[in-house]
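Peer 1: Take this structure first; my questions come after.
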Amino acid sequence: MMKIDVFSLGPLQTNCYLISSEAGREAIIIDPGMNPGKLLDKVKERELKVEAILLTHAHFDHMGGVDEVRKACNCPVYIHDLEAEWLTDPRKNGSMRWSDVTSPLSTEPAEFALDEGQLLKLIGLEFRVYHTPGHSPGSVSFLCGGHLFSGDVLFRQSVGRTDLPGGNERDLFDSIRGKLYTFAPETRVYPGHGPQTTIGYEMLHNPYVAKQ
């Protein structure tokens, strides 16, 4: 039903996902990180019409390419309200903190807010929004069929860090065990960094949040 292209963007090798419909030329983009040139080249090559940019959260490595992509594709941006101001404030999105990695980053405000349980109907598909705080207060995950885009909440045999401003270890573990682990074991997880995994694999093998 859909095609998923993965791009490792910026100095932190952030996973950006270009999701397109097999039936047409519509697409969405999840987490356009810094230096999105190869992503935009693929959009142009395939003559895709990008309907939206979805952000799992607003740390600088996940939103660094937002303005460039939004202007190139003429599409709106969606983010959870708890991090709406992070897009416009380099102190909140972390780019001021990591001056050895990037210059201060800010974007225009997002056009739309995301919230728990929201159903986004885009490119002929349905994406369910799950508020999954812990790595950051406004972190969200997107579920489309058997595909879960988890941002920096759940990784293969790891979890998102909680030592950054707004992070909370208990909230992170609650998000994973209370929400993500309720999905079918075969659900494929597309994280914000690193390789793909499945819910079932993490329930058995993740040393931080193995199912108890």
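The values are calculated or read from the model by the stated rules, or taken from the named source; none is laboratory data. Please read all numbers here as calculations on a predicted model, not as lab measurements. Backbone-built Cβ (ideal geometry, glycine too); neighbour counts: all protein chains shown. Please note that ligands, DNA and RNA were not included when accessible areas were found on the heavy atoms of the full protein model with its side chains. Shrake-Rupley method; radii C 1.70, N 1.55, O 1.52, S 1.80 Å.
Peer 1: Which of (i) 17.9, 53; (ii) 17.5, 62; (iii) 15.9, 47 is the computed Rg and Dmax of the Cα atoms in Å for the structure on display?
Peer 2: (iii)
Peer 1: Another question about this same structure. Compute the FRET efficiency between residue 44 and residue 108 as 1/(1 + (r/R0)^6), taking r as their Cβ-Cβ distance and R0 = 30 Å, and round to the nearest 0.05.
Peer 2: 0.85
Peer 1: So what are the ³J(HN,Hα) numbers for region 184-193, from phi and the Karplus equation (6.51, -1.76, 1.60; θ = phi - 60°), rounded to whole Hz, Gly and Pro as x?
Peer 2: Ordered by residue, 3J(HN,Hα) equals 4, x, 7, 4, 7, 9, 10, x, x, 8 Hz.
Peer 1: Quick one: if the Förster radius is 25 Å, what FRET efficiency do residue 205 and residue 169 give, using the C-beta to C-beta distance and rounding to 0.05?
Peer 2: Plugging the Cβ-Cβ distance into 1/(1 + (r/R0)^6) gives 0.80.
Peer 1: Highest GNM mean-square fluctuation, the chain, Cα pairs closer than 10 Å: which of 55, 114, 125?
Peer 2: Looking only at 55, 114, 125, the largest GNM fluctuation is found for 125.
Peer 1: Out of residues 5 or more away from residue 95 or on other chains, whose amide H comes under 5 Å of its own, with H placed 1.01 Å from N in the peptide plane?
Peer 2: Amide H neighbours of residue 95, under 5 Å, 5+ apart: 60, 105.
Peer 1: Quick one: order 177, 156 from most to least accessible surface, probe 1.4 Å.
Peer 2: From most accessible down to least: 156, 177.
Peer 1: Near residue 166, within a Cβ-to-Cβ distance under 9 Å, what is the net charge of the other residues, with Lys and Arg +1 and Asp and Glu -1?
Peer 2: Computed value for this residue: 0.
Peer 1: Of 49/92; 3/121; 3/92; 3/38; 42/71; 49/179, which pairs sit farther than 24 Å apart, going by alpha carbon to alpha carbon?
Peer 2: Table pairs above 24 Å Cα-Cα are 49/92; 3/92; 49/179.
Peer 1: To the nearest 10 square angstrom, what accessible area does residue 88 show with a 1.4 Å probe?
Peer 2: 70
Peer 1: Mind ranking 203, 1 by accessible surface for me, highest first, 1.4 Å probe? Walk me through the intermediate numbers first.
Peer 2: Working: 203 40, 1 170 Å².
The most accessible residue leads, giving 1, 203.
Peer 1: Could you tell me which chymotrypsin sites (Phe, Trp or Tyr not before Pro) in region 152-212 are loop residues by DSSP with no more than 16 other beta carbons within 10 angstrom of their beta carbon? Write down the numbers at each step before the final one.
Peer 2: Details: sites: 155, 173, 181, 183, 201, 208; in loops: 183, 208.
Within region 152-212, the qualifying chymotrypsin sites (Phe, Trp or Tyr not before Pro) (loop, at most 16 other Cβ atoms within 10 Å) are 208.
Peer 1: Taking amide hydrogens as modeled 1.01 Å from N in the peptide plane, which residues meet the under 5 Å criterion relative to residue 193, leaving out close sequence neighbours?
Peer 2: Distant-sequence amide H within range of residue 193: 15.
Peer 1: Antiparallel as a % of all DSSP beta bridges within region 1-133, to the nearest 5?
Peer 2: So the antiparallel bridges amount to about 60 percent of the total.
Peer 1: Turning to a different aspect of this structure: Grab the beta carbon distance between residue 116 and residue 35, set R0 = 30 Å, and tell me the FRET efficiency rounded to 0.05. Can you show the working numbers first?
Peer 2: Numbers: r = 32 Å, r/R0 = 1.06.
The formula returns an efficiency of 0.40 here.
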